[in-house]
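Written out below as structure tokens is the structure these notes cover.
All of the numbers you see were taken from the coordinates with simple rules; none came from a lab. Computed from a predicted structure; not experimentally measured. Reconstructed Cβ throughout: ideal geometry from the backbone, glycine too, with neighbour counts over all protein chains shown.
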Amino acid sequence: MLRVAFQVLIVAVICRTIALAQIDVGNRVLVSHGEENINHVEVTSAADPNDSAHLVVCSVLTPVDEAGAWTAAYVSFDGGKNFSKTVEQRSILNGRQEVSADPTCAYGTDGSAYFAALSNSGFDARTVFFKSPDGGHTWLRPVSLFAAWDRPFIAVDQTAGKNRGRIYVSHNYRAQNFDPPQPQQFNSAGGIGLQRSLDGGATFLGPTLRLALGGVQHEAINAENTVVLSDGTTITLFFEGDPVLRRGSYIPDMDGSLKVISSSDGGESFTDAIKVANHFEDRNRSTKATLPNIAVDPGSQNFKDRLYVAWHDSGPELEEGFVSYSSDHGKTWSSPLRIGSRENDVFQTTLAVNKQGVVGLIWYEGVPGAYGYAVRFAASTDGGQSWLTPVAVSQRAPTNRGEKWMMLGKAAGKDPVTVRIFRYLWQSSGDTAGLTADSHGTFHAFWIDNHTGIGQVWTAPIIVSDRVFPNGNADLDQLDDVSGLTQVELSHVSFDPAGQTLSADLRVKNVSNRELDGALKVRMFDLQSELCPSVLVSARNEENEIADFFADNAHKHLPPGEISNEKKISFQLRGMDHCQQNHSRPLVKFNARVFSHIRK
């Protein structure tokens with residue numbers, strides 16, 4: 001066991017508390033007030049980048065006394081203290097309420113509010129786009145975009161470049177709509193469609209298309225949301241994979257990868273796709289579906305244009321949440337970093353980045369295979385390398401107890417008369433949740449809570465009161481990250497069963513041809529155990545977070561090929577009674593990065 005006790009990765013990962021950081025969750029506010037008899041699911045949200053008082057959140061509304069559903073947008077003009085519903089997308093067909101779905105909303109550069117949704121739920125659905133020139137008070141007649149199968153998203157170019165104000169709408173595009181038509185053996189989208197508006201949403205050009213290109217007969221593409229970099233480049237996230245063949249038929253388990261595709265000419269053409277990470281979702285096992293999503297740093301001093309992606313995978317036993325980041329415009333991506341609980345399902349992972357460069361992340365956390373979840377929030381102040389201790393956002397966990405169900409009866413022909421529950425509620429309350437950051441840097445979380453028996457939209461402001469540190473700590477700000485020039489080594493590993501304490505000597509080897517001098521520090525974070533997932537690992541003292549190797553060294557330099565002096569580190573383990581009998585997995589692992597000065 002001691003041979004695999006430590007696994008030191010020279011990469012940046014998650015979940016280590018940064019000293020003095022604080023996350024404050026404000027008062028919870030009922031967004032959908034006055035509609036307590038209408039169920040709400042699937043929220044998305046946006047904040048006006050130029051006015052912190054303006055927020056918009058959109059949702060699907062489903063009545064309990066009739067079939068069908070529609071979409072609507074709620075607007076706040078006081079920073080989230082009060083909301084009012086000011087626009088709806090509803091249609092009646094043959095006297096019945098049609099199902100409008102997949103709402104999305106955004107703000108323009110001039111304070112205009114935008115809201116879009118599918119016109120209905122059929123394969124003839126179109127995206128209906130609304131504009132409010134006064135920020136959401138009143139709305140113009142909608143325009144209809146191209147035919148779609150699923151899930152539109154709005155993005156706006158907020159930069160100072162030539163495409164400033166350009167509106168993009170991306171979503172799944174049906175295979176039958178391609179020219180020439182593409183075969184569609186599975187009920188899914190055939191590719192990405194991206195339309196653009198150059199006149200504030202009055203008309204739309206395109207779409208620019210990207211088909212499923214893998215050559216697999218049942219391959220499908222699901223487009224996610226789009227973001228815009230500071231130079232006007234659009235980055236669209238999408239999932240490309242294949243339905244899984246089980247029991248002789250294709251079912252909606254999707255096994256494939258997350259990818260990004262970009263456009264540097266204002267949405268007129270796409271570049272080649274780049275892989276972010278593998279992705280698998282078992283929708284047959286649960287209905288905790290979550291759309292992966294991408295966010296971009298809007299221009300902070302340290303992390304301008306850094307991209308972040310969040311998603312959840314269906315693991316062997318649990319739904320697992322992950323994040324990854326890119327610091328080179330999406331060309332390369334960090335290894336997927338697992339976030340949240342190791343004992344409960346983690347899903348509905350949703351990202352936002354504020355103007356200071358703080359990354360916010362919410363997720364739903366619930367018992368595997370059961371209804372009910374709590375909403376949690378974490379933040380990163382070092383560009384996604386590590387994450388502050390998560391905090392609870394929702395006061396109560398939604399549940400199916402006391403929930404009001406709509407009952408629908410069906411007349412008999414040759415079949416028996418049936419009564420069914422029309423339950424337009426996934427365990428995750430849809431495929432999306434809402435998180436946005438206003439112009440002051442305050443995060444606003446939006447989620448569904450049904451503890452009253454009806455799913456309602458709730459919100460709360462979240463303030464992260466901590467500085468942003470490029471290297472994760474103020475003591476490291478003036479140093480260079482030399483992790484790629486060094487190797488971290490361990491020796492004299494020992495374990496005290498009585499005190500459940502693991503100790504070792506840590507040292508650094510310079511494996512480059514450059515001399516390091518002036519300082520040599522190792523930052524250690526993300527302490528965890530893979531052998532014993534329930535074990536709580538903590539440093540024995542505060543010095544274990546940052547080890548200073550030159551503090552007692554008069555020479556203060558490390559030539560090429562040389563090894564530093566050793567530093568004793570130790571960790572306290574709690575809860576080892578539930579360890580797995582698999583000694584190939586590390587008892588303790590942590591991540592380390594090395595910082596120093598490179599001699600010129």
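Worth a mention:
- The H on the amide N of Trp387, modeled in the peptide plane, is under 5 Å from the matching H of Cys15, Arg16, each at least 5 residues off or on a different chain.
- Sorted by Cβ density within 10 Å, fewest first, the residues His451, His444: His451, His444
- Entries of Lys131/Lys304; Lys275/Lys589; Lys162/Lys331; Lys85/Lys162 with Cα pairs more than 32 Å apart: Lys85/Lys162
- Going from the fewest other Cβ atoms within 10 Å to the most, the residues Ile448, Ile454 appear in the order Ile454, Ile448.
- Karplus-derived 3J(HN,Hα) values for the stretch 150-158, using 6.51 cos²θ - 1.76 cosθ + 1.60 with θ = phi - 60°, are 6, 6, x, 9, 9, 9, 10, 6, 9 Hz; glycine and proline are entered as x.
- Scoring 292-300, 324-332 by mean Cβ neighbours within 10 Å over their residues and listing the highest first yields 292-300, 324-332.
- Counting neighbouring beta carbons within 10 Å and listing from fewest to most, the residues His171, His54, His440, His312 come out as His440, His54, His312, His171.
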